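In what follows, a single structure is set out as structure tokens and then discussed.
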Amino acid sequence: MFDLLSTFYPWIKAFHIMSVISWMAGLFYLPRLFVYHTEQSTPGDSRDEVFQTMEYKLLRVIMNPAMVATWVFGLFLVMTPGIVDWSAVWPYTKIAGVLVLTWFHHWLGWRRKDFVAGKNTHTGRQHRMMNEVPTLAMVVIVLSVVVRF
């Protein structure tokens, strides 16, 4: 199994990167949709329905599969011999960043359900502020992997 992972390492890494890009795009865009949804519609109006459709499709069709693929290919990379030096700090800071992104993904899913129920309590400003979470986690992850401190 591990020899197979080493053989396909460049492919696994490429698919991991593509998955991360897709997931991050959604993590950046969905909170922005929530800002517009909060500021430009009221529960039950025609724009509310359009925003709900957009949010649902982004989360379920793009973000969820991208998150799963990111995790799967990332775990394959971790299991590939010689890739991760567990005596260094960087694997643990990367894991922390990925866990933050995963939590944030689920937080967005919970917020989407609030919109569906007509019970959104967050302001546009709060959604804008939460939109910084994936940026901060991305900085930690990229620095961890590239600088390998």
Study note, to complete from the structure: With +1 at each Lys and Arg Cβ and -1 at each Asp and Glu Cβ, the charge dipole magnitude of the stretch 1-105 around its Cα centre, to the nearest 20 debye, comes out at 180 debye
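Extension gain Asp45-Ile21, at 0.36 nm per residue separation less the Cα-Cα distance, in nm? Can you show the working numbers first?
On the way: separation 24, 0.36 × 24 = 8.64 nm, distance 3.30 nm.
Additional length available on full extension: 5.3 nm.
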Practice item. State the answer as a single residue: which of Gly74, Val100, Phe34 lies farthest towards the positive end of the charge dipole of the stretch 1-107, with beta carbon charges of +1 for Lys and Arg and -1 for Asp and Glu, about the Cα centre. Key: Gly74
Practice item. Could you tally up the Lys pairs in the stretch 2-147 with alpha carbons closer than 27 Å? Skip any pair fewer than 8 positions apart unless they're on separate chains. Key: 4
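Readers should treat all values here as calculations from the given coordinates under stated rules, not as data from a laboratory. Note that this is a predicted model, so its numbers are computed, not measured. Virtual Cβ from ideal backbone geometry, glycine too; neighbours counted across all protein chains shown.
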